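Enquirer: First the structure, then my questions, so here it is.
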Amino acid sequence: MNFSELRFWFYLTLILGAVLLVRPIFQKAIKSDDSAMSRYDRTTILIVGLFLLGCVSPLTLTIFLFVCLITYIGLSLFLRGTGAHRYAFLVVLVPLQLLPLLYYKYSHFVVNDILGQGLAGLSGLIIPVGLSFYTFQVVGFVVDTVIHKHPLPRFLDFMNFAAFFPQIVAGPIERRENLLPQMQTFRFRWDPVAIDSGAPWIVIGLFFKVCLADNLAVHFNPSSVDNPFLIWLNNIIFGFRIYYDFAGYSFVALGIARCLGIRLTLNFASPYVSGDAQEFWRRWHITLSSWFRDYVYLPLGGSRTKAWALTIVVVFVLSGIWHGAGWNFILWGLLWGLMLLTFHVCKKWPIPRWAGWTLTMLGAFLAWLCFYETRATVLHEKMATILNPLSYTWPQLQAAIATLDPTNAFVLAVFLALACTTLLIEWISLSRFNEPYAILQKPGVLVAMVILTTLLAPSEKNDFIYFAF
C-alpha cells in the first residue's frame, strides 16, 4: 500500500466506489435495517483492507490472516479457560503470534550471522510488508484484553481492528481502547467536516514523501568510508529522508482514516525540534515508543527499580532489534540508550535549550549511520572516521567538495533548504500554537505544498522506508 503510487489511489477508488454503489441497493433490500447496515459497513471496510493488502502480495495477506486467526482463537481459548492453567494458553499464544516475525525477520541473522550455520535458504527471505507493525498491534491487544479483563469482541470487529487499511502496513500501532470502539461503530458516511479534517493531512503527507523524501533519496550516496564530511552529509540526507518518508506515510494514513470518520494516533510531533533525547522519543514514532514503555519498560520495573539504567538500555536495544536484524540496529539502539542515560544523569545540570537541541541532533544524526549502513565492518570504519577529530582536515573538505557535481549539489542544496524551511515552520507552529503542524494546515500553505509536490515529484519512485521493517 504505497500511498505515493497512483495505483493505490486507483484501487482504493475502485473498491470504495463498488462498496458505495452497492450500499444503497443493499439498504433498500433490507428496508434500512440499522443493525444490518452496520454489519454491511463493517464487513465491507474489512474487505477493502484485505483486498488492498492482497494487492501488495498474496504472501503478505496469508501471513496477516495467520497471525490474526492465531490471535483470536488463542485469546478465545484463554478467556474460556478457568484457573491458573489457562495462562498456559498465553505461553503458547504469544510465541505463535511472533513466529512469522521471528522466521522472516530474524532467522537469517540468528542462524547464519550469530550461530554461523550458513543456511542459504534463510538469506533470501523477504519480510512481508507490515509484519512488525500488525504483530505488535495484536500482541498489545492480547495483553490489554488479559490485564484489563476486557471481553472478546466479535471476530469481525477484531479483524477490522487489525486490518484497518490506512495503518496496517506501517502504523501507527494502535491500542485496543482507541481503535476497537471506533471499528465497532464504523459506518460509511459523507461527512464534510471529517473530510475537511483529513484532507490536509493527506496533502502534508504526500508533500513530505514525494517532494522531500523521494528527492533527497536521489542524492543519497553512502559510498565514502574515509571522508567525514561526506559521511555526515549522507547522515543528514538520510535523517531528513527517513523523517519525511515515515511521517509522510503516517500523515496520509491519519488523513484517510479521518475522512472515513476514524481518528488514529498522531505518530509524529516534530521530533527534530526536540531539546533533549527524552523529548525526541516522545515525538518520534510515538506509538512504538509508548508500546515499549507500557509492555516492556514498565513491566521490567521502569524508574522504580535499582537497575533502571540497564532497563533503559535493554528497551532501546530491543527497539533497535525491532527495526531490523543486524548488529547495526543493535548498535543504534545501544547509542540511543546511552543518550537517554546521559540525559537522565545530567538533568540536575540544566543547559540552554539551543545547546540541548544541538547535542540531541548530533546524536540523532550520528545514530542514523547505524540505521542505513548494514555492513558491520564498513560501519566500524565509518564510525572510526567521523569520531576521529584528526580526520576533519582541509584537504578532506576539498576532496568532499570535489566529488560533488555542481548541478547536483545545487539541487541537493535546494531540497535541503526546503526541508529545513519545513522544520522551521514546524518549530514556529509549536512556539505559537503548541501544535507541531498547525501552520502547514493553513489553506495557503496547503496550496503551495500541492503545487510543489506536483512540480517537483521525481520520476523515480521509492517505497516507504518502513515497509522493510
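Enquirer: Rounded to the nearest 20 debye, what is the charge dipole size of region 183-261 about its Cα centre when +1 sits on each Lys and Arg Cβ and -1 on each Asp and Glu Cβ?
Expert: 300
Enquirer: Show that you can apply the helix-only estimate: for the chain, add -39,500 (n - 2.57) for every DSSP H stretch of four or more residues, divide by all residues, and state [θ] at 222 nm to the nearest 500.
Expert: Mean residue ellipticity at 222 nm (helix-derived): -21500 deg cm²/dmol.
Enquirer: Now for a different question. Under a 1.4 Å probe, what is the accessible area of region 276-435 per residue, stated in Å²?
Expert: Per-residue value: 55 Å².
Enquirer: Another question, if that's okay. Within 14 Å, Cβ to Cβ, of ALA419, how many net charges do the neighbouring residues add up to if Lys/Arg are +1 and Asp/Glu are -1?
Expert: -1
Enquirer: Net charge around ASN2, counting only other residues with Cβ within less than 15 Å of its Cβ (Lys, Arg = +1; Asp, Glu = -1)?
Expert: So the surrounding residues net to -2.
Enquirer: Return the sequence-ordered ³J(HN,Hα) values of region 162-169 in whole Hz as given by the Karplus equation 6.51 cos²θ - 1.76 cosθ + 1.60 applied to θ = phi - 60°, using x for Gly and Pro.
Expert: My calculation for region 162-169 gives 7, 10, 4, 5, x, 10, 5, 9 Hz in order.
Enquirer: While we're looking at this one, here's another question. If you add up the charges near PHE141, with Lys and Arg at +1 and Asp and Glu at -1, over every other residue whose beta carbon is less than 13 angstrom from its beta carbon, what do you get?
Expert: -3
Enquirer: Here's a follow-up. With a ≥ b ≥ c taken as the square roots of the eigenvalues of the C-alpha gyration tensor of region 154-219, please select rounded if a/c is under 1.5 and otherwise prolate if a/b is larger than b/c or oblate if it is not? The partial results should precede the final answer.
Expert: Numbers: a/c = 3.48, a/b = 1.68, b/c = 2.07.
The shape class here is oblate.
Enquirer: Quick one: which of 138-147, 198-207 comes out on top by average Cβ neighbours within 10 Å, and what's the full order, highest first?
Expert: 198-207, 138-147
Enquirer: Another one. Could you work out the relative contact order of the chain? I mean the mean sequence separation of Cα pairs under 8 Å and 6+ apart, divided by the number of residues, in percent. All intermediate terms of the calculation are to be shown ahead of the outcome.
Expert: Details: 562 pairs, mean separation 82.4, N = 469.
Computed over the chain, the figure is 18 percent.
Enquirer: Is the C-alpha gyration tensor of region 212-263 telling us rounded, prolate or oblate? Criteria: a/c under 1.5 is rounded; beyond that, a/b larger than b/c is prolate, otherwise oblate.
Expert: It comes out prolate by the Cα gyration axes.
Enquirer: Once you have a ≥ b ≥ c as the square roots of the Cα gyration tensor eigenvalues for region 322-446, tell me rounded if a/c is under 1.5, and otherwise prolate or oblate according to whether a/b is larger than b/c.
Expert: Note, shape of region 322-446 comes out oblate.
Enquirer: Let me ask another. Please report the accessible area of ASP294 (heavy atoms, 1.4 Å probe, ligands and nucleic acids excluded) in Å², nearest 10.
Expert: Accessible area, nearest 10 Å²: 50 Å².
Enquirer: Sequence neighbours fewer than 8 away in the same chain don't count; with that in mind, list the aspartates and glutamates whose C-alpha is under 13 Å from LYS306.
Expert: Straight-line reach from LYS306, under 13 Å: no aspartates and glutamates qualify.
Enquirer: For PHE89, PHE109, give the ranking by accessible area with the largest first, probe 1.4 Å.
Expert: PHE89, PHE109
Enquirer: Applying the Karplus parametrisation 6.51 cos²θ - 1.76 cosθ + 1.60 with θ = phi - 60° to the phi angles of region 265-271, what ³J(HN,Hα) value in whole Hz is obtained for each residue in order, glycine and proline being reported as x?
Expert: With the stated coefficients, region 265-271 comes to 6, 5, 8, 9, 9, 6, x Hz.
Enquirer: Sorting check: for 422-434, 308-320, which peptide has the highest mean count of neighbouring beta carbons within 10 Å, and how do the rest follow?
Expert: 308-320, 422-434
Enquirer: If you filter region 17-99 for trypsin sites (Lys or Arg not before Pro), then keep DSSP loop positions with at most 12 other Cβ within 10 Å, what is left?
Expert: Listed in order of number, the matching sites are LYS31.
Enquirer: If you roll a 1.4 angstrom probe over the protein chains with everything in place, what fraction of the accessible area of the chain belongs to carbon and sulfur, to the nearest %?
Expert: On the way: 14900 of 21710 Å².
Carbon-and-sulfur percentage of accessible area, whole number: 69.
Enquirer: Taking the Cα centre of the chain as origin, work out the dipole magnitude from +1 charges on Lys and Arg Cβ and -1 charges on Asp and Glu Cβ, in debye rounded to 20.
Expert: Value, rounded to 20: 1280 debye.
Enquirer: Still on this structure, I have one more. Provide the per-residue ³J(HN,Hα) series for region 410-423, in order, calculated from phi with Karplus coefficients 6.51, -1.76, 1.60 and θ = phi - 60°, each as a whole number of Hz, with x at glycine and proline positions.
Expert: 5, 4, 4, 4, 4, 6, 5, 5, 5, 5, 5, 4, 4, 5
Enquirer: Another question about this same structure. Once each part is reduced to its C-alpha centroid, what is the distance from region 304-375 to region 262-278 in angstrom?
Expert: After rounding, the separation between the Cα centres reads 17 Å.
Enquirer: Something else about it: At a 1.4 Å probe radius, which order do LEU93, LEU156 fall into by accessible area, largest first?
Expert: LEU156, LEU93
Enquirer: In the chain, if the dipole is taken from +1 on Lys/Arg beta carbons and -1 on Asp/Glu beta carbons about the Cα centre, which of ILE114, THR377, LEU93 is farthest to the positive end?
Expert: It is LEU93.
Enquirer: A follow-up question, please. What is the Cα centroid distance between region 5-60 and region 165-180, reported in whole angstrom?
Expert: For region 5-60 versus region 165-180, the Cα centre distance is 19 Å.
Enquirer: Which one, VAL314, VAL296, PHE158, is farthest towards the positive end of the dipole of the chain when Lys and Arg carry +1 and Asp and Glu -1 on their Cβ?
Expert: PHE158
Enquirer: Using the structure shown, select from LYS209/LYS382; LYS105/LYS209; LYS105/LYS347; LYS105/LYS348; LYS105/LYS461 the pairs with a Cα to Cα distance greater than 32 angstrom.
Expert: Cα-Cα > 32 Å for LYS105/LYS347; LYS105/LYS348; rest within.
Enquirer: Could you order ASP191, ASP245 by accessible surface area, starting with the largest, using a probe radius of 1.4 Å?
Expert: Sorted by accessible area, descending: ASP191, ASP245.
The values are calculated or read from the model by the stated rules, or taken from the named source; none is laboratory data. Everything numeric in this text was worked out from a predicted model, so none of it was measured. Every residue, glycine among them, receives a Cβ derived from its backbone with ideal geometry; neighbour counts consider all protein chains shown. Note: areas computed on protein heavy atoms with side chains; ligands, DNA, RNA excluded. Shrake-Rupley method; radii C 1.70, N 1.55, O 1.52, S 1.80 Å.
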